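Presented below is the structure to which this report refers.
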Amino acid sequence: MRALSGITTLPLHYVIQLEFHQKRALHIIYGDQIKGMPYFYTLPLADLECLNYRRTNLSKCFFKKLRSTNSCLRSVLPPERDAEVLSKLRNPLKYPVPYTRTKTY
């Protein structure tokens, strides 16, 4: 099972490389115990999560810590949107989504 890069910033080919190395490490550690078993089923055996799921959870946890009042990085965040505006939106987000161009031509 291949993970998609989703909301992470890693390009898909790096995600595939990371999963390849994790699969290889699992085969080295568990050997014949997981031979022929799909990668998705070997993860619970090793008490691991899919790399994409783990990175997403780490990002969410980091952002929650960043939003706390005692975080030194809180000033980096843009100001929160007005509650009146949020109540009128179909899919409200507390913070505006930054639109940036990543490729220059």
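Only the coordinates and a few stated rules stand behind these numbers; no lab work does. Keep in mind that this is a model prediction, so the values were computed, not measured. All Cβ positions, glycine included, derive from the backbone under ideal geometry; neighbour counts span all protein chains shown.
Once the Cα atoms are used to define both axes, helix 12-30 deviates from the longest principal axis of the chain by about 40 degrees.
Legend: ranking of residues LYS94, LYS23 from fewest to most surrounding C-beta atoms inside 10 Å; resulting order LYS94, LYS23.
For the chain, the relative contact order is 20 percent, taking Cα pairs closer than 8 Å that sit 6 or more residues apart in sequence and dividing their mean separation by the residue count. Think of it as helices only: each DSSP H run of n ≥ 4 in the chain is worth -39500 (n - 2.57), and spread over all residues that comes to -14500 deg cm²/dmol at 222 nm. Output the 0 to 90 degree angle, nearest 10, between the alpha-carbon long axis of helix 51-67 and the longest principal axis computed from the alpha carbons of the chain. Orientation of helix 51-67: about 30 degrees from the principal axis. Computed log10 I(q)/I(0) for the chain at 0.19, 0.21, 0.25 Å⁻¹: -1.04, -1.14, -1.34, from the Debye equation with unit scatterers placed on every C-alpha and solvent omitted.
As a proxy for reagent exposure, ranking HIS27, HIS13 by other Cβ atoms within 10 Å from fewest up yields HIS13, HIS27. Of all lysines in the structure, those lying under 29 Å Cα to Cα from LYS94, and not within fewer than 8 positions of it along the same chain, are LYS60, LYS64, LYS65, LYS103.
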